[in-house]
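A.B. asks: Right, I'll just put the structure down here and ask away after.
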Amino acid sequence: MKRAVWLVLAGIASVQLGATVAKDLFTQVEPTALVWLRLTASAVLLLLIARPRLRGRSRQDWLVVAGFAGTLGLMNWAFYQSFARLPLGVAVTIELIGPLAVALAGSRRPRDLIWVALAALGVVALGWERADLDPVGVAFALVAGGCWAAYILLSAQTGRRWPGLEGLSVASTGAALLLAPFALASDRAGILKPEVLALGALIGLLSSVIPYSLELVALRSLRPALFGILMSIEPAVAALAALLVLGESLTGLQWLAIACVVAASAGATRYADSTRDRDTELLEHP
């Protein structure tokens, strides 16, 4: 269990470092083209490492990995579009609302209103300084959040059906193929710059290969709820990475908003998990 926790934390640090490198490149290449470079680089590296076995797969195996591919492509594209318009920490905070909503879905306990109130306070705090938030960026962050929730579930299913990194390599390839026509149409010239190609490969390694591989391994032994608690710190990590690497500072109110959403996500996920454990115990020992 401890090993799985450290794998997830290392993945969080890696993906946010990759995001800061990507944001620094937005003056040279369009976000859609850059996210395609990231996915393509990661797909090539993963295919070389995993060498997936494609024969003998069931229809359900392909359906799961196809859903995973579509989720990866849309999640990454929407996320890049969001933090091209918003501070990185703010974009990740809004994105976290997706997994938070899943954690709270179906809850019937009054206690969970605390987490709803905390999350609402965070959203209100983010929207208070309206001049700092691009509404299109906010919309993209919300789309990325919905995909993030689906990613948690599909990643676990893919890891169970495809051994090692095979499923991730196939899904990454599918995501890159889906985005290819849009990326080439948006910025064909920018993609071909040698420095962009090199940095795109680095971003693919930091933001896709390392974190997704670590998370896929971790989710085989880590409960989804605990994974959600760990992922809840990602907005704070993103804000710190952007501050240290890009000099992207946030206001005190924005830091408060991040803290509220992080606390709400961690609390909701923790108590949802404990409730499921008690329900399971009651079913096993009536």
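The values are calculated or read from the model by the stated rules, or taken from the named source; none is laboratory data. In this text, all values refer to a predicted model and were calculated from it rather than measured experimentally. Backbone-built Cβ (ideal geometry, glycine too); neighbour counts: all protein chains shown. Accessible surface areas use protein heavy atoms only, side chains included; no ligands, DNA or RNA. Shrake-Rupley method; radii C 1.70, N 1.55, O 1.52, S 1.80 Å.
A.B. asks: Within the stretch 1-41, which residues are farther than 23 Å from residue 191 by Cβ and among the basic types (Lys, Arg)?
C.D. replies: Listed by number, the residues that qualify are 2, 3.
A.B. asks: Here is a check on your reading of the model: is residue 233 within 20 Å of the chain's Cα centre (by Cα), open to solvent by 60 Å² or more (accessible area, probe 1.4 Å) and either farther than 18 Å from residue 88 by Cα or modelled with pLDDT under 85 (or both)?
C.D. replies: Answer is yes for this residue.
A.B. asks: Then there is this: Identify, from the list 90, 64, the residue that is modelled with pLDDT of 85 or more, assigned to a helix (DSSP H, G or I), of a type in the set (A, V, I, L, M, F, W, C) and touching a Lys or Arg at 6+ places or on another chain (Cβ under 7 Å).
C.D. replies: 64 is the lone residue from the list that is modelled with pLDDT of 85 or more, assigned to a helix (DSSP H, G or I), of a type in the set (A, V, I, L, M, F, W, C) and touching a Lys or Arg at 6+ places or on another chain (Cβ under 7 Å).
A.B. asks: Starting from the stretch 243-266, take each residue that is over 14 Å from residue 88 (Cα atoms) and list its partners that are of a type in the set (S, T, N, Q), counting only C-beta distances under 7 angstrom and pairs at least six apart or across chains.
C.D. replies: Hits for this filter: 261/93; 262/232; 265/232; 266/232.
A.B. asks: Additional query: Is there a residue being part of a helix (DSSP H, G or I), aliphatic (A, V, I, L, M) and touching a Phe, Trp or Tyr at 6+ places or on another chain (Cβ under 9 Å) anywhere in the stretch 190-206?
C.D. replies: Yes; the residues of the stretch 190-206 include at least one that is part of a helix (DSSP H, G or I), aliphatic (A, V, I, L, M) and touching a Phe, Trp or Tyr at 6+ places or on another chain (Cβ under 9 Å).
A.B. asks: Taking the options 32, 20, name whichever one is at pLDDT 90 or above, under 21 Å from residue 175 (Cα atoms) and touching a helix residue (DSSP H, G or I) at 6+ places or on another chain (Cβ under 6 Å).
C.D. replies: Only one candidate passes the filter, namely 32.
A.B. asks: Hey, does the stretch 161-172 have a residue that's part of a helix (DSSP H, G or I) and modelled with pLDDT under 85?
C.D. replies: Scanning the stretch 161-172, I find no residue that is part of a helix (DSSP H, G or I) and modelled with pLDDT under 85, so the answer is no.
A.B. asks: Quick test of your reading of the structure: residue 183 fulfils all but one of (1) open to solvent by less than 50 Å² (accessible area, probe 1.4 Å); (2) without any contact (Cβ under 8 Å) to a residue 24 or more places away in the chain; (3) of a type in the set (A, V, I, L, M, F, W, C). Name the failing condition by number.
C.D. replies: That leaves (2) as the condition not met.
A.B. asks: If I go through the stretch 15-37 residue by residue, how many of them are open to solvent by less than 10 Å² (accessible area, probe 1.4 Å) and part of a helix (DSSP H, G or I)?
C.D. replies: So the answer is 8.
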